[in-house]
Amino acid sequence: MMKKILVAWCVYFVVVLPLFSQQKVLEWLENNVVPIQSVERETDFDDLIGIREFFQDVRIVGIGEATHGTGDFFKVKHRLIEFFAKEMDFRIVAAEVPFSEALAVNEYVLHGKGNPVEILKGLYFWMWQTQETLALVQWMRKYNSGLPQEKRIKFYGLDMTVSKGAAISLITFLEKVDPNTLSLYFPSLKALENENSFDYMQLSKTRRLEIFGQIKGLKTDLYSNRQAYLSKVTAREFDVLYRQIEVLLQYLEIHNPEESNQKRSRDYYMAENAKWLLDYEGKESKGILWAHNGHIEKHQLSPGKFSMGNYLVQDLGKKYYSLGTDFNQGGFLAVNNGLKSMSVGPARNNSSGRIYSKVPSSLFFYDFAHAERNSDMEKFLNKGIWMRDIPATFEPRQEKVFYFKRVLSESFDGIVFIDSTSSATPFLSDSQPFLNLSKSTNAKRHRGKTFTIQADASITGPIACEVWIHITNRHNVPVYRKIINVEETQNQIVIEDSVPDEAMLISYGLTAKGSGELSLNGLKLLLNQKVIDKEESGFEKRESDGYPLGWRVNCRECCFQWPEDTRKSFLKIRLGD
């Protein structure tokens, strides 16, 4: 009998008490959240007036996103930007995009220069090539058109992941005002005039460090010549140009493991760029940061890894407000063998999204400092809880890995929750038939080995086809890349080299674009002349979708033509009609 009583008490403490605690949390939320009536832009702010008190003394609001491709997150961020701009005099919007390339967006929103669609294409990243982000910059332009210069809202970039824009800006400036200085640094600037880091990372370590030293020298020369340059440009124009040298050096820091340390991370430099913007725009300036939850949150992500928000709160304290976003279910864009509209069902039990979904309001905001005055909410916010965290890529079959355990009060200052979401809408479309066939393997245990890519392929018709390999380090920065074009005649393609010492992931495959036929009689990776994947002795048909077993396939208008013997076979792929 005593044993049964003991078991009953254990069940009570394990099951009933957490439910009771959660019920108290739900009661508080139901009575205290600020319901938001709509995510739609250009509506009145009657429902948002209640949030004003939480941002009175704030200089930077970081507004996050639980996925990079949720249209409703983009819309609610847009609506909050309208509110902060009109009601609280925030005049900076700074996003997780390259600093130099974003200057063209700023010219558009301030002065109407350029085509906004083409300008957003110039930011490179698909999350900024959507109808929702287009609507944001068009609204900024419309808002600014009736305001004096000093009251206009501005758009900047925080990122340093691309060197092209900064290199071109510096070349263009020096061509006009100081050709002699340009001649000293032109080869190094030209080497950085690319959209991705692949070409740069293929340079020898000696050449990379030489470029690094050259750009440091250019920074010194620009500063020394500042007074002379001010006869050609304004002080503010020079300050932006000089910042682009800093951004270029940031790019080189994060792409040179030999020179990096714990502080010199992407998030560290995004925080530095955000603080520079406040200084540049004046001591009364206030800004809104647009980035993923993982960047705007305040907490240390892992030992030695800090977020942008963590660096900002160290310097700004409570003048930085981290506003996360969360959701229960719905659609979003993400990369999975190409950009796709994906969806997830209700959030896992006892996750933040699942708990919030039980609140009657399906769209709301609440502030954590206000909530922590309640003892049940304080316990809830200071206990680790699972929260969805989906970056640019997503794999539905591994949905559980896209949850991150957070202590909410340590990560954010408040949350905007949306129960059911919809995908962002891309404004770019490419109807051309294409195929991407790829595989990846862990490179750590193969460092120093000789790798060999072997392919036997040919094409007929106007198809652009490439066999490729690229290798990345632990920061997902490319350290090796090689591409060989496939010709119409039969191609025996071989790519051979050594796996770099810093390699973490080897990815390889074939990409084709156009209409015609591709014949493939093998595509495999060898390490020290040994095939590491048993499936690579040939191609085997995957019955579920008719694609090759073991390969990631992304395609449009492609048909795999399998012979009767679908094992270890010669493969033909038809692209287009």
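A short reminder: the numbers here are calculations on the coordinates, not readings from a lab. Since the model is a prediction, treat every value here as computed from it, not as a measurement. No Cβ is skipped: glycine too gets one built from the backbone with ideal geometry, and neighbour counts run over all protein chains shown.
Values as computed for the structure displayed
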{"item": "Under 12 Å, Cβ to Cβ, from R348 - net charge with Lys/Arg +1 and Asp/Glu -1", "result": "+3"}
{"item": "Length added when fully stretched, Q37-Y280, from 0.36 nm per residue minus Cα-Cα", "result": "83.9 nm"}
{"item": "Virtual spin-label span in nm between E557 and K383, 7 Å along Cα→Cβ", "result": "5.6 nm"}
{"item": "Residue among F394, F380, G414 farthest towards the positive dipole end of segment 360-422, charges placed on Cβ", "result": "F394"}
{"item": "Residues E107 and K530, FRET efficiency given R0 of 41 Å [Cβ-Cβ distance, rounded to 0.05]", "result": "0.15"}
{"item": "Mean-position separation - Cα centroids, segment 64-108 and segment 203-244, in angstrom", "result": "29 Å"}
{"item": "Under 5 Å, built H, 5+ apart or other chain: amide partners of V407", "result": "I385"}
{"item": "Residues with amide H under 5 Å from that of V531, placed H, sequence gap 5 or more", "result": "none"}
{"item": "Derived scalar couplings ³J(HN,Hα) [segment 35-41; Karplus, 6.51 cos²θ - 1.76 cosθ + 1.60; whole Hz; x for Gly, Pro]", "result": "x, 10, 6, 7, 8, 6, 6"}
{"item": "Cα gyration tensor shape of segment 176-226, rounded if a/c is under 1.5, else prolate or oblate by comparing a/b with b/c", "result": "prolate"}
{"item": "For V359, distant residues with modelled amide H under 5 Å away", "result": "none"}
{"item": "Positive-end residue of L575, P478, T172, charge dipole of the chain with Cβ unit charges", "result": "P478"}
{"item": "Net charge dipole size for segment 368-489 [Lys, Arg +1 and Asp, Glu -1 on Cβ; Debye, nearest 20]", "result": "800 debye"}
{"item": "Net charge contributed by nearby residues that have their C-beta within less than 12 Å of G330 (K/R +1, D/E -1)", "result": "-2"}
{"item": "Calculated from backbone phi, Karplus (6.51, -1.76, 1.60) coupling profile of segment 44-50 in Hz, x at Gly/Pro", "result": "5, 10, 4, 7, 9, 4, x"}
{"item": "Cα gyration tensor shape of the chain, rounded if a/c is under 1.5, else prolate or oblate by comparing a/b with b/c", "result": "oblate"}
{"item": "Helix-only mean residue ellipticity at 222 nm for the chain, each DSSP H run of n ≥ 4 adding -39500 (n - 2.57), per residue, nearest 500", "result": "-10500 deg cm²/dmol"}
{"item": "Dipole of the chain, positive end: most advanced residue of A104, L527, S544 [Cβ charges, Cα centre]", "result": "L527"}
{"item": "Charge dipole (debye, nearest 20) of segment 376-415; +1 at Cβ of Lys and Arg, -1 at Cβ of Asp and Glu", "result": "200 debye"}
{"item": "Set K275/K513; K298/K482; K482/K541; K164/K340 screened for pairs whose C-alpha atoms are more than 32 Å apart", "result": "K275/K513; K298/K482"}
{"item": "Eligible aspartates and glutamates near K232 by straight Cα distance, threshold 12 Å, same-chain separation 8 or greater", "result": "D178"}
{"item": "Hz values of 3J(HN,Hα) by residue in segment 53-60 - Karplus curve (6.51, -1.76, 1.60), Gly and Pro given as x", "result": "4, 7, 10, 4, 9, 8, 9, 10"}
{"item": "The chain - charge dipole about Cα centre, Lys and Arg +1 at Cβ, Asp and Glu -1, debye rounded to 20", "result": "1220 debye"}
{"item": "Highest to lowest packing among 171-182, 455-466, scored as the average C-beta count within 10 Å", "result": "455-466, 171-182"}
{"item": "Of K305/K439; K121/K176; K305/K530, pairs whose Cα-Cα distance is over 32 Å", "result": "K305/K530"}
{"item": "Length added when fully stretched, K400-S341, from 0.36 nm per residue minus Cα-Cα", "result": "19.4 nm"}
